[in-house]
1. Residue by residue through the range 284-303, note down the ones that are touching a Pro at 6+ places or on another chain (Cβ under 8 Å) and either over 16 Å from residue 152 (Cβ atoms) or free of Cβ contacts under 8 Å to residues at least 12 places away in the same chain (or both).
2. Give 131, 101, 85 a once-over and let me know the one that is open to solvent by 70 Å² or more (accessible area, probe 1.4 Å) and either within 18 Å of residue 151 (Cβ to Cβ) or in contact with a His (Cβ under 7 Å, 6 or more places away or on another chain) (or both).
3. Looking at the range 113-129, I want the residues that are touching a residue at least 24 places away in the same chain (Cβ under 8 Å) and have a partner that is buried (at least 17 other Cβ atoms within 10 Å of the Cβ) and among the acidic types (Asp, Glu) with Cβ atoms under 6 Å, at least 6 apart or on another chain. Which pairs are those?
4. Pull up the range 134-165, narrow it to residues that are of a type in the set (Ser, Thr, Tyr) and surrounded by 20 or more Cβ atoms within 10 Å (Cβ to Cβ), then point me to the one that is nearest to ligand 2 (Cβ to nearest atom).
5. List the number of the failed condition for residue 258; all other conditions in (1) more than 16 Å from ligand 2 (Cβ to nearest atom); (2) open to solvent by 10 Å² or more (accessible area, probe 1.4 Å); (3) over 17 Å from the mean Cα position of the chain (by Cα) hold.
Amino acid sequence: MSAKILPSEITPEEVYLSRRRFMRGVGALVAGSLVVAACGDQAPTPAGPAATMPGATPTVAGPAALPPTASPLAPMADELGNPLTTFEAVANYNNFYEFTTRKEGVASLAQDFRTSPWSVAVGGLVNKPRTYDLDDLARFDSEERIYRLRCVEAWSMVIPWNGFPLAKLLAEVEPTPEAKYVRFETLYDPEQMPGLNGPYKWPYVEGLRLDEAMNDLTLLATGLYGKPLLPQSGAPLRLVAPWKYGFKSIKSIVRIDLVEEMPVSLWMAAAPNEYGFYANVNPDVDHPRWSQATERIGGTGRIKTLFLNGYEEEVAYLYEGMDLKKWF
Ligand SMILES: Nc1nc2c(c(=O)[nH]1)N[C@H]1C(S)=C(S)[C@@H](COP(=O)(O)O)O[C@H]1N2
Ligand SMILES: [Mo]
């Protein structure tokens, strides 16, 4: 009989289970090693106080607060060693302008948002247009992906998403040869969304080039931290394109169209001198009103921003020959 203490005996069950789940996503790189911040001036965080965004409720026993001696399991971090941002912070510090421009106010204003029934119409330049309901979406095998989410406002989070590659959905509808871009649209419902006013041209629209959309990193997320998405995170279905500024990751999608012309996003229409179509994370291209060289991560430390948000290996081929200083 082994005298060893099982991790499950000293770790709250829920935390333990989620550690097991996300290890698969973290991969061998950090397995068994301490989390050490990979870049910038962020202090090494072997045990790390729970990362908490400003205004979010601090957690008592968030996963990131586990001592390194708790188990031989991998620390909960991305592949660069940045600790996961706590669920509480992810759920209480949001950008979702359809509800409010106050990041700490989205969660409560969106709490009764109806995310079921829901349908997503996929059409445009495709051979097999189709409307997906929630059961249809649930047929796609769910994967776990730990991604950095880098807002153009220079804050970021590390989020364990659940979802499936957009490429799998696109393969089902069969884009025609004329299709060059994918256009996404968020629900527009003034009865449920108190923020639908201001200088913006609703609904929220975003777009990707078709080859960007087909890249394996591009996720349609249905959950995070192993739970279904909450309304404030873009339930029931949101895009995640982690090498681009966060505003590209459109929430609560109701339409996906394959189109020939580059879509005009809400942000391009609102401030064309500040927001472009590509919006690739680039520390060398400052926002007209602030630097993009660094970012505040998880509400704690400040780190250097990485070109293509650290996903250069996966996506740099998409931009060969393009002037990325121009295509902010
Ligand atoms: N429909 C819609 N999608 C949206 C936004 C929004 O206001 N409306 N905000 C974007 C911005 S600016 C960011 S940084 C991310 C924030 O995602 P999070 O709240 O899940 O962190 O959502 C993006 N998706
Ligand atoms: Mo953002």
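1. Correct list: 298, 299, 300.
2. Among 131, 101, 85, only 101 is open to solvent by 70 Å² or more (accessible area, probe 1.4 Å) and either within 18 Å of residue 151 (Cβ to Cβ) or in contact with a His (Cβ under 7 Å, 6 or more places away or on another chain) (or both).
3. 123/257; 124/257
4. 156
5. Only one criterion is unmet by residue 258, namely (2).
Rundown of residues vs (1) within 10 Å of ligand 1 (Cβ to nearest atom); (2) among the hydroxyl-bearing types (Ser, Thr, Tyr); (3) without any contact (Cβ under 8 Å) to a residue 24 or more places away in the chain; (4) touching a helix residue (DSSP H, G or I) at 6+ places or on another chain (Cβ under 6 Å), yes/no style:
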| residue | (1), (2), (3), (4) |
| --- | --- |
| 154 | no, no, no, no |
| 160 | no, no, no, yes |
| 169 | no, no, no, no |
| 193 | yes, no, no, no |
| 208 | no, no, no, no |
| 213 | no, no, no, yes |
| 223 | no, no, no, no |
| 231 | no, no, no, no |
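Residue by residue, here is whether (1) open to solvent by 30 Å² or more (accessible area, probe 1.4 Å); (2) assigned to a loop (DSSP other than H, G, I, E, B); (3) under 23 Å from residue 105 (Cβ atoms); (4) more than 16 Å from ligand 2 (Cβ to nearest atom) holds:
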site: 197; (1), (2), (3), (4): yes, yes, yes, yes
site: 202; (1), (2), (3), (4): yes, yes, yes, yes
site: 220; (1), (2), (3), (4): no, no, no, yes
site: 232; (1), (2), (3), (4): no, no, yes, no
site: 236; (1), (2), (3), (4): no, yes, yes, yes
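The values are calculated or read from the model by the stated rules, or taken from the named source; none is laboratory data. Nothing here was measured: the structure is a model prediction, and the numbers come from that model. Here Cβ is always computed from backbone atoms with ideal geometry, including for glycine, and neighbour counts include all displayed protein chains. Surface areas here come from the heavy atoms of the whole protein model, side chains and all, with no ligands, DNA or RNA. Shrake-Rupley method; radii C 1.70, N 1.55, O 1.52, S 1.80 Å.
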